[in-house]
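The values are calculated or read from the model by the stated rules, or taken from the named source; none is laboratory data. Bear in mind that the values here come from a model prediction, so they are computed numbers and not experimental data. So basically every Cβ, Gly included, is an ideal-geometry build from the backbone, and we count neighbours across all protein chains shown.
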């Protein structure tokens with residue numbers, strides 16, 4: 001466990017040692033600012049619903065961007081070899097990397113806190129939906145970052161990892177808006193696969209166990225595939 | 001505790017159809033400094049990756065410090081300090097942060113970690129760059145950071161993959177000195193393709209080519225294989241004069257063979273091998289003076305390990321593991337030989353190093369005294 005936290009700590013700090021974290025945070029905040037405030041006063045409602053909606057869409061792009069280098073960059077530079085030849089389990093490497101990137105994600109979420117606060121200063125805000133919205137966003141982001149880590153384990157090229165992650169995230173997101181066009185008999189399956197379907201309820205203030213399980217299973221699948229993929233280097 | 005640090009048994013590694021390692025077995029005793037020698041792609045790095053548990057062999061196994069790599073890979077890794085090829089480090093970190101990270105990964109905390117870091121910084125003379133980012137360091141310093149991280153847990157076994165490549169002569173000398181020093185207290189394996197390196201640093205040499213072990217010698221034995229030292233004499237001569245030079249050289253008493261070894265131009269270089277143990281240089285000088293030849297250079301060159309290396313590593317290459325480059329080399333050599341045979345009177349000289357053996361052989365046949 002201590003290896004996991006050491007790896008997580010190093011990963012987290014490495015984001016802030018370089019420009020990566022600052023660039024991603026700036027772009028996300030800028031995009032969110034433009035998209036949110038552009039329509040906020042048109043609706044004239046004191047709700048953060050739009051913020052969560054936009055943020056989740058932005059994260060479809062941002063999550064692969066911050067997770068693409070997790071393993072791909074270590075493979076490209078060869079540092080993975082030094083890391084893995086220390087007395088550390090492959091599972092600790094994967095988990096440490098994941099916790100490290102989740103740390104950056106939490107920072108990103110914290111930076112959006114001014115939104116609900118400023119909205120609440122303009123009118124009555126239902127804080128219940130804000131909390132459940134953040135829980136949902138945390139889970140959704142966690143799922144997308146696990147997918148990103150998995151993508152990063154497949155290649156030593158960050159750009160390839162980015163597009164693999166983006167493609168998977170975007171597909172899972174796209175199912176929501178596209179649902180009406182899909183064959184009706186499969187609709188419920190597709191609906192269950194969709195990010196949006198599970199996030200929707202949380203936006204409305206409902207935290208259902210099945211939605212939590214949905215996101216956690218994606219995390220579990222992403223991490224175990226990444227683990228297998230890292231382990232496969234020994235036998236290839 | 002056993003006296004054997006590494007026991008590799010029938011290691012074979014296949015990457016698809018290519019055999020990177022083919023049934024390699026060897027032992028390394030405690031306290032040995034072992035040089036792993038071989039051309040690029042021979043299997044040195046693969047062997048090291050297997051020993052450090054980064055990859056698993058397709059067949060065979062190895063024991064490090066008495067522990068099987070398959071049975072307890074964590075214990076094996078704890079016993080090893082490893083520096084992979086080209087020194088991959090987290091370059092965005094400062095030296096101090098990085099060593100701190102490595103110490104934590106090796107399970108050291110607080111005061112213990114600080115003491116160990118201070119010790120390796122002292123051993124590798126990193127004090128001056130302690131607070132600098134690794135990306136700002138010279139190659140020599142990076143190499144020392146790489147060695148420092150391998151030493152933090154005071155491992156009984158150090159595995160260094162090409163620790164001296166890419167360093168300038170001064171840096172290389174410093175790192176070599178460090179390795180020699182470290183080798184006094186522990187077992188060290190280092191890979192290189194620099195033969196002189198092996199002679200100065202190692203107590204034993206394994207030569208590996210195309211995935212197979214082709215030699216397991218001490219540097220002294222290797223030197224014996226290499227034969228006697230040679231004298232290299234350089235003349236300014238052209239045309240008919242070249243023949244005269246050759247005749248004069250071949251006529252010197254004590255000269256066993258004369259080989260033309262240079263690459264053309266107006267300067268002609270000849271390598272002379274002595275029959276006995278005499279130094280040929282005074283005799284070459286006198287012979288040149290007597291016959292009014294333009295002798296412009298004369299030196300005794302150490303054991304020609306390069307030739308031994310070439311013989312061992314190019315000789316019986318198995319068809320399966322051969323790379324395209326060596327294929328090309330193989331096919332170009334007989335061709336060269338043919339043209340040389342066709343025009344024996346001319347002093348054909350080659351442009352590239354790779355083609356030299358063919359040429360040298362030819363001159364050899366022609367002029368062996």
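In table form, for the structure just shown:
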read-out	value
Meets criteria (closer than 30 Å to residue B:287 by Cα and buried (at least 16 other Cβ atoms within 10 Å of the Cβ)) for residue B:248	yes
Among (1) assigned to a helix (DSSP H, G or I); (2) farther than 26 Å from residue A:152 by Cα; (3) more than 17 Å from the chain's Cα centre (by Cα) - the single one residue A:7 does not satisfy	(2)
All positions within the range B:42-63 that are part of a loop (DSSP other than H, G, I, E, B) and out of contact with any strand residue (DSSP E or B) (no Cβ under 6 Å at 6 or more places or on another chain)	B:53, B:54, B:55, B:56
For residue B:152: the one exception among (1) within 14 Å of chain A (Cβ to nearest Cβ); (2) touching a strand residue (DSSP E or B) at 6+ places or on another chain (Cβ under 7 Å); (3) closer than 24 Å to residue B:31 by Cβ	(2)
The range A:18-34 - residue that is surrounded by 12 or more Cβ atoms within 10 Å (Cβ to Cβ) and at pLDDT below 90 and, of those, farthest from the chain's Cα centre (by Cα)	A:18
So residue B:160, is it away from every other protein chain (no Cβ under 14 Å), in contact with a strand residue (DSSP E or B) (Cβ under 8 Å, 6 or more places away or on another chain) and surrounded by 15 or more Cβ atoms within 10 Å (Cβ to Cβ)	no
Residues satisfying the stated conditions in the range B:83-129, i.e. surrounded by fewer than 17 Cβ atoms within 10 Å (Cβ to Cβ), more than 10 Å from every other protein chain (Cβ to nearest Cβ) and more than 26 Å from residue A:75 (Cα to Cα)	B:110, B:111, B:112, B:114, B:115, B:118, B:119, B:122, B:123, B:125, B:127, B:128
Matching residues in the range B:24-59 - criterion: being in contact with a helix residue (DSSP H, G or I) (Cβ under 9 Å, 6 or more places away or on another chain) and either within 14 Å of another protein chain (Cβ to nearest Cβ) or at pLDDT 95 or above (or both)	B:49, B:51, B:52, B:53, B:54, B:55, B:56, B:57
Residue that is buried (at least 21 other Cβ atoms within 10 Å of the Cβ) and modelled with pLDDT of 95 or more, where the choices are A:101, A:130, A:106	A:101
Which listed residue is touching a strand residue (DSSP E or B) at 6+ places or on another chain (Cβ under 8 Å) and in contact (Cβ under 8 Å) with a residue 24 or more places away in the chain, from B:145, B:205	B:205
Helices (runs of 4 or more DSSP H) completely within the range A:129-209 that count 3 or more residues being under 21 Å from residue A:228 (Cα atoms)	A:158-178
Residue in the range A:19-33 that is part of a helix (DSSP H, G or I), facing chain B (nearest Cβ under 10 Å) and on the phi < 0 side of the Ramachandran plot present	yes
Restricting the range A:221-236 to residues that are over 12 Å from residue A:149 (Cβ atoms) and part of a helix (DSSP H, G or I), the residue that is nearest to the other protein chains (Cβ to nearest Cβ)	A:234
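Residues are listed down the side, and each one gets a yes or a no for (1) assigned to a loop (DSSP other than H, G, I, E, B); (2) within 32 Å of the chain's Cα centre (by Cα):
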| site | (1), (2) |
| --- | --- |
| B:74 | no, yes |
| B:77 | no, yes |
| B:81 | no, yes |
| B:85 | yes, yes |
| B:90 | yes, yes |
| B:99 | no, yes |
| B:102 | no, yes |
| B:107 | yes, no |
| B:114 | no, no |
